[in-house]
Each structure stands twice: as C-alpha cells, then as structure tokens.
1. With a Cα-only, solvent-free Debye model of segment 60-183, what are the log10 I(q)/I(0) values at q = 0.19, 0.20 Å⁻¹?
2. For a test of understanding, tell me how many lysine pairs in the chain have Cα atoms under 29 Å apart, given they are 8 or more places apart or on different chains.
3. Can you give the Kirkwood hydrodynamic radius for segment 131-173, in Å, rounded to one decimal and based on Cα pairs?
4. How much mean residue ellipticity at 222 nm does the chain get from its helices, if each DSSP H run of length 4 or more adds -39500 (n - 2.57) and you divide by all residues, to the nearest 500 deg cm²/dmol?
5. Need one number: the % of Cα-Cα pairs in the chain sitting beyond the 32 Å mark.
6. Roughly how far apart, in whole Å, are the Cα centres of segment 57-77 and segment 91-135?
7. Farthest toward the dipole's positive end in segment 131-173, which of 140, 173, 153, given Cβ charges of +1 (Lys, Arg) and -1 (Asp, Glu) about the Cα centre?
8. Just to be sure I understand: of the beta bridges DSSP finds with both ends in the chain, what percent are antiparallel, rounded to 5?
Amino acid sequence: MKGTDNVAIAYFGDGATSEGDFHEGLNFAGVFQTPVVLFNQNNGYAISVPFEKQTNSKTIAQKAIAYDIPSVRIDGNDCFAVYFATKQAVETARKGEGPTLIEAVTWRTGAHTTADDPTKYRPDHLGADKIDPLDRLERFMKKHDYWDAEKIADMEEQRETEVEQAVKEMESYTEANVADMFDHVFNAVPSHLAQQKSAYMEDLKEES
C-alpha cells in the first residue's frame, strides 16, 4: 500500500481462527491485497478445545477460499516445508500479489502453559508418532552427510554461554516491587484494586 517491499508475517494458533479478528483480518487482507503472510500453527488444540470442536471445516487453509486468498497446508514439523512455503508466500507478497494463508499442521508436545495439564483433555499416547522438527532435520543432515558434529558442539557451547550471560544479567536487576502491579495500572487506583493490594501485601507479610 505504501509502495515498499516490506512484508509482514502474522503467526497465530488454530484457536485464533475461531475469533472474529481472524476473519476480519483475512477480509481486509483480501480486499486491499496487503503484503502479508498469515501463518497458522495448527497443533490441534485451542488450549484444551480440540480442532473438531472449533470448526466444521476440514482444514484451516480452506477458510481462505471465502476471501479469495491463496492458501497452502503443510507439515509444520518439516523445516523445509515451512521454509519454502513461507519463502514463496513472502515473494508473492513482495511482488504486490497479495496475501497468503499458510496452515502448518504440527503438534504441541507439552502443556499450553505452566498452568495447563494436557492429560486432562488428551490421552498420553496421542502425538507419540510425531517427531520433533529439529530431530527430523538432524536425521536428514546426517543421512546426507551435512552434519558437522564439531560445528554443532561449538554452537551448543556458544548457546549455553549466551544463556548463562543472560541469566546473570537478569539476576543483577534490582528486585521488582510487587506493589507496582497495583500502582501503575490506573492513573488513580480504584477502591477494589486498593483493597486487593492491601490484602495481598498482608498475605506477603504473613508468609515472610
């Protein structure tokens, strides 16, 4: 729209496609032929809601048909499929030919959040046949003699060093004041929030 070659990529899960924003976004992108790639990571669950309870559509990719937007459905655990589908979509957008919807079918191996327990809504054996994308890539590279064990070891050592440095930097920060989460939400703290703050601070005193 501005005449630049910039391209935006929006990443979202399958649960987001049940929101009105998803459809409004596709409609806007289709009408104005925006240079955007709409990348859906479909892991089959919107937290605990399975895909078949979210939509009657067989795929998310087919939802693009209503907005006359090209779409593709790929194996989201295949690094090459993800790379080339995204590359093609970016090139299409950069040429001024509009948006593309990518549905990458994948699997969430763990919990949605630290407060989530996936065993409550899906059997443990589900996903056992899914192979981690990095493991698949490693197998491919070893099979075709692209794997450089020495280089990988150096990269892992560098990664560990960077993580350790980041942790040390974080730990050097001044300890946060828990009262800030109450004091800096509103210009004037409402009475109910002031009550919550008072009760919470009292609880902290008792725990200490």
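None of the figures in this text is laboratory data; all of them are computed from the coordinates on show. Remember, it's a predicted structure, so these values are computed and weren't measured experimentally. Cβ coordinates were reconstructed from backbone atoms using ideal geometry, including for glycine residues, and neighbour counts include every protein chain displayed.
1. Summing over Cα pairs of segment 60-183 leads to -1.11, -1.12.
2. The result is 26.
3. Working: mean 1/r = 0.0817 Å⁻¹.
Averaging 1/r across every pair of different Cα atoms and inverting gives 12.2 Å.
4. -13000 deg cm²/dmol
5. On the way: 9888 of 21528 pairs.
Of all Cα-Cα pairs in the chain, 46 percent lie more than 32 Å apart.
6. 15 Å
7. Sorting the options by dipole projection puts first 140.
8. Working: 2 of 19 bridges.
Around 10 percent of the beta bridges assigned by DSSP in the chain are antiparallel ones.
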